[in-house]
Every structure is written in structure tokens, then in C-alpha cells.
Amino acid sequence: MAATRRLSHTVAVITINHPPVNALSASVRHALVKEFGEASKDPSVKAIVLSGANGKFSAGADIREFSTSALKTISLEDINATIEASRKPVVAAIEGIALGGGFELALACHYRVANAQSRVGLPEVLIGILPAAGGTQRLPRLIGVPAALDVIVQGRHVPATEALQLGILDDVVQGNVVNAAIQLARNVIGRDLAKRRLSTNHVPSNPHMDSFFDTAVDRVKKQYRGARAPIACIEAIRASVQKPYHSGLEKEKQLFASLWASGQPQAQQYAFFSERSVGKWTHPSGGRWDTVAPKPVRTAAVIGLGTMGRGIATSLARANIPVIALEQDAQQLEVGKKTVNGLLEREADKLIKQGLVPDTKLASVRFTLDFAELRDVDFVIEAVYENMALKKEIFHKLSSVCKSDAFLCTNTSGLDIDEIASVTKHPDLVIGTHFFSPANIMRLLEVVRGRHTSLTTIATAMNLGKTLGKVAVLVGNCPLFVGNRLLGPYLEQASYLLEEGCYPEDVDKTLEDFGFAMGPFRMMDLAGLDVGWRSRMEKGLAGNKVPLGTPARQRQGNRYSPLADMLCEMGRFGQKAGKGWYQYEKAGGRFAQPDPWVKDFLQKYRSTHQIKQQPTTPELILEHCLYGLINEGFRVLEDGIASGAEDIDVIYNNGYGWPKYRGGPMYYASTVGLSKVLDVLDGYHKQNPDVPSMKPAFLLKKLVAVGEPPIKEWRTQVGSFVHKL
Ligand code: 3HC
Ligand code: NAI
């Protein structure tokens, strides 16, 4: 039954029951119409309570229905209009979540009561659409334009206490919310409901509203470059001020239709479902980690409190997991301690400002120099320098100090997990947990399984990722794993473009206009050019073994651009040095300015080595950088390093600033057309046989040959390659 009805004295309680999240699918909408209609007609019913089963009010419209004809049967807004017009008072009893259409349903009720743990919100913007069942018209009428704009454009989940302060809720209760709603419903029987019908109210407005909306549009254009939904949300709210309710609703519908036609919602909804399906991978043993129970993580330890360790310790403490943080000397320990405590304090202040009670405890992080203190922890995350010998020394020590069933994890960004595990007594308990910087903010966690990693270890690491609020993606063990491996050809192409006539700002602008949070050169400046330089020197690619400035084409073998190495030789390490591909106002400054020195340097380089300038267009820049990255994605699939194209997309959406409204690199390739990607790569590779990363991947050729099946089916085409696992 999608919705049920029972009678509590004179109050009918209608309960939505559609696991797992009470999405408002066609069956639920039908059931709501039926139950509400009968309750309205029943003379013994004097008031109605609307609630949700299984601890949730509703997560809103059924997103899977958007691309089907089911959406057209009974509109949610028609149901909302009927509820609002009811002469019997209707009270929403909100437990857990009331999101999207679920919240819009609650807004149509005359009163709203929630339990203290619940959250309400209109997160439609996060899946590329706008609230489309009157939410953009009713919420501003309830709480005013600025607050409604903040809630709708951010798509954030508003905690019950804040929702009470904003005037969204009439009451927040600690106990049984349905009983509280029944009580409220009884109290309001016979009251005049006119003022409680939001659609008949005016939106509080002022003479400067237009410029307020214009400023908001400018802000979101900068913040969410290229994304259409946030702008549509603002325009719909603008209509709530300028037009009567029904015209505003019409505008909401038009904006929804034009968003749908843009293709962005489809990409974002693909991203939404991909996040929920990632890493569901069959182990070579035949088992699936997601069918195995994770072990509880009651205590954790972090080794090394540098850039990453600090963020990881903060994330653990925030999730209320007691942490022991270990450093190599007293001075580093003190610096790490100050930073971690500072981060936790700032987060607590933020929550207090939102009227919430922070439950993270500074005391839950203990700082030490002594490995013996780790003897009882359940889960250790190592985040020391990226050096194999050092990591092996640490893991050897951990293996003898920690209890025999402790999980031992490394935050390495690309070293061999099996080699690290080889020095431990229980390689089955060793796994990579690759956090992204800053680790207390970035959502992505690559969970890297080694050859011997057990299903329980995988399940425990994946579950911890969820507890920390991360999107955990299970990947295989290969140099640089998935995200950083794909970045190689992307950065390589960006560098070749400079050799051939572009400037850093041209390349960055094109990729930022495409929607990336940051172009490749700004990204390298931010991360520090010396990191890659050191690793290239270790591999003998840069430094003494190669004469400085030898251009790629004059070398034997594969093409190699020495430009980044040359910058490093001159101390241009990026933002931290105040100069890199750009210049900054000072060392550590944030505002990248094109640097005439770099222009001059590139011109001299090209003329010294007689490199002919190639004509470039934004399209060419995109094709070279993105198709190189995508091609590597196909190779990752061939190698069985990611379980599906969706996994690669989730990694790029959440860890590399890829615009979500383009779905991820593999989804983007499917929208461009695989045969076009193949043609471009083929053409490039024929002209540049010394760039192996652009040689079309076998899987790409195969997918084109079998008629470009939908992305969900790529996995099956991969099947025949997975022998390399
Ligand atoms: N429609 C369809 N399926 C949904 C759904 C929805 N609105 N929300 C969640 N699901 C599914 C998930 O895909 C997942 O399915 P699976 O088990 O097959 O993988 C299952 O429900 C559980 O979801 P989560 O794994 O995400 O569970 P969590 O407990 O971590 O999170 C949640 C629950 C906070 C509700 C989260 O799922 C969420 O944010 N959902 C989307 C909410 C949303 O965007 N609502 C707006 C919908 S659009 C709308 O209402 C339009 C309206 O304006 C007309
Ligand atoms: P970092 O240089 O900022 O910090 C490393 C810390 O480890 C230092 O504080 C150092 O004192 C400590 N340390 C060194 N030897 C130790 C020992 N024997 N015992 C205890 N502590 C010791 O390094 P960062 O950037 O935090 O990187 C750590 C790991 O995370 C590396 O493997 C790196 O590749 C990886 N990583 C780094 C990312 C980044 O953006 N910085 C992103 C993702 C992964």
C-alpha cells in the first residue's frame, strides 16, 4: 500500500508508505488522492494528519520517473492545491526528512510539526531542476525572499531547529511526532485557515527587490559557472514577488521545461544515481563487499599531521570517532594539534551560529609521539610523506604494535598498496583510503583494494567513508589509482598546448568556461608544482638526467614537455612561492594574474626550439585535454581498475571539480558521441605517434564497433577484459 489511513478519534492519519524513502511515485500520488478524498468526505473526520512511514516523511518526487510518462499522471501540485484548499485543517507530521516534493507537500498543509532530528529542504537544484510543485512560490510567501532564496539555491537540508527559527515549522518535538501532530490538529479544528493557505498570501517585498535578484544571479553565475538550475531557481522566486501565485506557478513550469531541454538535469540525475551505485564490485574471490558486514570503527588513529592528516583527523572527530593523532616530533605534533583544534573550533562556531548544538568534542582527539598508544585502535590511517621506504617502515611497526585485527590504511596518492601490505602480518587488513585535499571538506574518498584485501576490510573502509559523509568509491590498485591516473594525459596535453602557442590563461579560461572549478594551470599552482617535479625526478624524467629545456621533439622516445620542470628549476613552485604559471600578490597569495614573464619565457622557448605555432580554438583545447583524460578512463575500465564508467564519473565529479551538470567525463563522452571522440583521438595519434596516451583505447574502439551502447552497458563490454585483475 503506497499510503494508508487510520482514524484517531476525529483525526484521520494518512501515512505515505513507499520504501526506502517514501518517494512520491505515481502509485503514492494515486493513493494520496484516494485517501485524502475519503478523509475529506468522511463526516466523522474533523482534521487530517499527513505522515510518512519508516521514520521518513518523504524524499520528494521519484527521480526515476522524470524521464517516463508516469510523471504526467496526477500532478503533485494538483494534490497540493487540494490539500491547501481543504476546509478541514491538515497538519504535516515530519519525521526524518521532508525534501523536494515531500517538503512542497508539507508546505501545502496548514501546519507543520517535526521531530528534532528531522531535516527539510528543496534540494532539486542539486539534480539540475527547480522545485516544481509550488515550492518556489510557497516558500517565499512563508519565510520571505532572502531566506527562501538561500534554502532553494543552495539546496541545503535545513535542520528542524533552524526551520523552526525561520518560521517553516510550527513546532519541533522530542517525542512521537505523529501524536504531537494529532494533538495540534485537534486544537485547530474550527479555526479560520485563510492565513495558513500560503498560495493566497503576498510575498514580503521591498522596492530594491530587482537589484537583489540581479545580484543573486551574478553571484550564482560565478559560483556555479555554467549551471542553469540555480539561475532558474532565482527567476522562479523573482516571479513569486512580481506575479500572482498562479502566474508564478506557470513560470515555475516553464523554467522546469527549459531546464529539462538543456540536458543538465539528465546529467545531474545520472550523477545522483551513480553516487549510489558506485563500487558495487565483484571480488576476484566471487564475493561482493556490499553483502559483507562491516566491522565497527570505535577508535581510529592518524599517522602524520601534515596537510592530509590534519583534515582526516578532523573528519574522524567530527563523526565522533575518538582519534589518536601521531607525529614524528614534538614540534610537528604541536603545529598539527593547533591546526586540528582550530579546524574543530571553527566548525563548532559555524554550527552554533546556525542555532545548532555541535556534538564534536575537541577532547576526542588525543595527540602523541608514541606508537605504543595505538595498541587498541580499530582503524589506522597513515598520512606520512609519499615515500615507499618510509611507508613500509611505518606499516611494519604498525603490524607489530596494533592489535591483530586492526585495519591498516594508507593515504598514499598512488603507491603500490600490495608492496606496502607485504611488510605486515595481515595483508588482508591493509587497504588504501585516498582522501582528497582538504580532507575535512572534499567529499571524495578512493578506497583502494590490494590483491589480498578482504571483503570485510573493503566493507569497513567503505562504511567508514559513509560515516564521515564522504562519497567512497572502490577502485583497484595501479599507479596513481583512478583520479590521478586520468589527470596525467590531461595535464600533458595542457602542457603541449603551451609549447604550441597557447598561454596558461587561454587553456584555463576554456576549461573554466566548460565548467571546471579551476583550469589545469591554476590547479597546478595551487597544489604546488614541486610535488610533481620531485616525482618526475625520482623517475629520471626531470632533473640532472635530462638536460634542462630539451624539448620533447628532440628526444628519443615519447614526447615529454619540460616546461613545468624549467619553472621549478627557477623556484616557481606556484601559489606558495608567489609565482608559478601565474604571478600572485605575495607568496601564498590567492589571486592569480597572468604573468608577462611566463609569456616571454614561452615565446623564447618556442623560438629557441623552432616550434611552429599551431592555430588553436577553445574547441581544440577541450578536445585535446578532455579526450586524453577520457581515453585513459577507457583504459582504466579495460584494466578492471574501476568497476564501471559511473565510478570514474563519481570520482571526477566529487574530487576534481568536474561540472556535475556534465555528468562526469565518461558521461560527457557519451553525450559528445564515442565515434567523435574516437575520430579525434585517432587523427591526433596519427600525427603524434610519440604521444601514447592519445592512442585510442581498445574498449573505446570496441564500443564504437558495437554501435555505442548506453553507458550502463559499457560494463558488460568490459567483462572480457577483466582478466587482468
Ligand atoms: N527518487 C527516487 N529514488 C530515490 C530518491 C528519490 N527522490 N531519493 C532516494 N532514492 C533512492 C536512492 O537511489 C537509493 O536507492 P538504492 O537503494 O536503489 O541505491 C535509496 O533511495 C536510498 O537513498 P540513499 O542511499 O541516498 O539513502 P540516504 O539515507 O543516504 O539518503 C536521502 C536519503 C537524503 C533522501 C537522499 O537519498 C537524497 O538526497 N535523495 C534525493 C532527495 C531529492 O533530491 N529530492 C527531490 C526530488 S525532485 C522533486 O521532488 C521534484 C519536485 O519539486 C516536484
Ligand atoms: P605533508 O608533508 O603535509 O605531511 C606529512 C606529515 O607526516 C608531516 O607532518 C611529517 O612530520 C609526518 N611524518 C613524517 N614521517 C613521520 C613518521 N615517521 N611518523 C609520524 N609522522 C611522520 O604530506 P601530505 O601532503 O599531508 O601527504 C601525506 C600523504 O597523503 C602522502 O602519501 C601524499 O601523497 C598523500 N596525499 C596528499 C595529498 C595532498 O594534496 N597533499 C592529496 C592526497 C593524498
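The values are calculated or read from the model by the stated rules, or taken from the named source; none is laboratory data. All figures in this text were calculated on a predicted structure; none of them were measured in a lab. Every residue, glycine as well, gets a Cβ built from its backbone with ideal geometry; the counts of neighbours run over all protein chains shown. Ligands, DNA and RNA are excluded from the accessible area calculation, which covers all protein heavy atoms including side chains. Shrake-Rupley method; radii C 1.70, N 1.55, O 1.52, S 1.80 Å.
Here are some notes:
- Filtered by the rule that a residue be buried (at least 24 other Cβ atoms within 10 Å of the Cβ) and closer than 21 Å to residue 311 by Cα, the stretch 435-461 gives 435, 439, 445, 446, 447, 448, 460, 461.
- Residues satisfying the stated conditions in the stretch 411-433, i.e. within 15 Å of ligand 2 (Cβ to nearest atom) and open to solvent by 10 Å² or more (accessible area, probe 1.4 Å): 411, 413, 414, 415, 416, 419, 423
- Residue list for the stretch 508-525, filter: assigned to a loop (DSSP other than H, G, I, E, B) and farther than 14 Å from residue 497 by Cβ: 515, 516, 517, 518
- The stretch 292-324, residues that are within 13 Å of ligand 2 (Cβ to nearest atom) and more than 26 Å from residue 576 (Cα to Cα): 301, 324
- Taken over the stretch 91-125, the criterion of being open to solvent by 10 Å² or more (accessible area, probe 1.4 Å), touching a Leu at 6+ places or on another chain (Cβ under 7 Å) and either within 15 Å of ligand 1 (Cβ to nearest atom) or under 16 Å from residue 22 (Cβ atoms) (or both) is satisfied by 123, 124.
- Selected residue (criterion: nearest to ligand 1 (Cβ to nearest atom)) from residues of the stretch 369-387 that are out of contact with any Leu (no Cβ under 6 Å at 6 or more places or on another chain) and not in a loop (DSSP other than H, G, I, E, B): 379
- Single unsatisfied condition, residue 114 versus (1) of a type in the set (Gly, Ala, Ser); (2) modelled with pLDDT under 95; (3) closer than 21 Å to residue 89 by Cα: (2)
- Pairs where the first residue, in the stretch 26-44, is assigned by TED's automatic domain parsing to the domain that holds residue 13 and the second is in a helix (DSSP H, G or I) and open to solvent by 40 Å² or more (accessible area, probe 1.4 Å), C-beta under 8 Å, 6+ apart: 26/71; 33/82; 36/82
- Considering the conditions (1) of a type in the set (Asp, Glu); (2) under 23 Å from residue 654 (Cβ atoms); (3) touching a helix residue (DSSP H, G or I) at 6+ places or on another chain (Cβ under 7 Å), residue 512 is excluded by exactly one of them, (3).
- Filter pass, residue 587 being buried (at least 24 other Cβ atoms within 10 Å of the Cβ) and more than 18 Å from residue 520 (Cβ to Cβ): no
- Checking residue 6 against (1) in contact (Cβ under 8 Å) with a residue 12 or more places away in the chain; (2) in a strand (DSSP E or B); (3) not small (Gly, Ala, Ser), the condition it does not meet: (1)
- Scan of the stretch 286-327 for residues that are polar (S, T, N, Q) and either away from ligand 1 (no atom under 16 Å from the Cβ) or crowded, with 24+ Cβ neighbours inside 10 Å (or both), ordered by number: 299, 307, 314, 315, 320
- Filtering the stretch 447-463 for residues that are hydrophobic (A, V, I, L, M, F, W, C), within 26 Å of the chain's Cα centre (by Cα), within 12 Å of ligand 2 (Cβ to nearest atom) and assigned by TED's automatic domain parsing to the domain that holds residue 383 leaves a non-empty set.
- Single residue of 598, 636 found to be over 25 Å from residue 694 (Cβ atoms) and open to solvent by less than 50 Å² (accessible area, probe 1.4 Å): 598
- Scanning the stretch 693-707 turns up at least one residue that is under 24 Å from residue 282 (Cβ atoms), open to solvent by 40 Å² or more (accessible area, probe 1.4 Å) and of a type in the set (Lys, Arg).
- Boolean, residue 82 is part of a strand (DSSP E or B), modelled with pLDDT of 95 or more, open to solvent by 10 Å² or more (accessible area, probe 1.4 Å) and more than 12 Å from ligand 1 (Cβ to nearest atom): no
- Residue 538 meets each of the listed conditions (1) touching a Gly at 6+ places or on another chain (Cβ under 9 Å); (2) open to solvent by 30 Å² or more (accessible area, probe 1.4 Å) apart from (1).
- Residue, nearest to ligand 2 (Cβ to nearest atom), within the stretch 126-148, restricted to residues that are assigned to a helix (DSSP H, G or I) and open to solvent by 10 Å² or more (accessible area, probe 1.4 Å): 126
- Check on residue 58, assigned by TED's automatic domain parsing to the domain that holds residue 185, touching a helix residue (DSSP H, G or I) at 6+ places or on another chain (Cβ under 8 Å) and modelled with pLDDT under 95: no
- A single member of 338, 353 is at pLDDT below 95, exposed (fewer than 15 other Cβ atoms within 10 Å of the Cβ) and not assigned by TED's automatic domain parsing to the domain that holds residue 158, and it is 353.
- Residue 643, sole failed condition from (1) under 28 Å from the mean Cα position of the chain (by Cα); (2) of a type in the set (S, T, N, Q); (3) part of a helix (DSSP H, G or I): (3)
- Only a single item in (1) surrounded by fewer than 16 Cβ atoms within 10 Å (Cβ to Cβ); (2) within 16 Å of ligand 2 (Cβ to nearest atom) is not met by residue 247, and it is number (2).
- Qualifying residue in the stretch 398-410 (condition: within 21 Å of residue 460 (Cβ to Cβ), at pLDDT below 95, away from ligand 2 (no atom under 12 Å from the Cβ) and open to solvent by less than 40 Å² (accessible area, probe 1.4 Å)): no
- Selected residue (criterion: least open to solvent (accessible area, probe 1.4 Å)) from residues of the stretch 602-623 that are among the charged types (D, E, K, R) and touching a helix residue (DSSP H, G or I) at 6+ places or on another chain (Cβ under 8 Å): 606
- Inside the stretch 36-79, residues that are open to solvent by less than 10 Å² (accessible area, probe 1.4 Å) and among the charged types (D, E, K, R) make up a count of 0.
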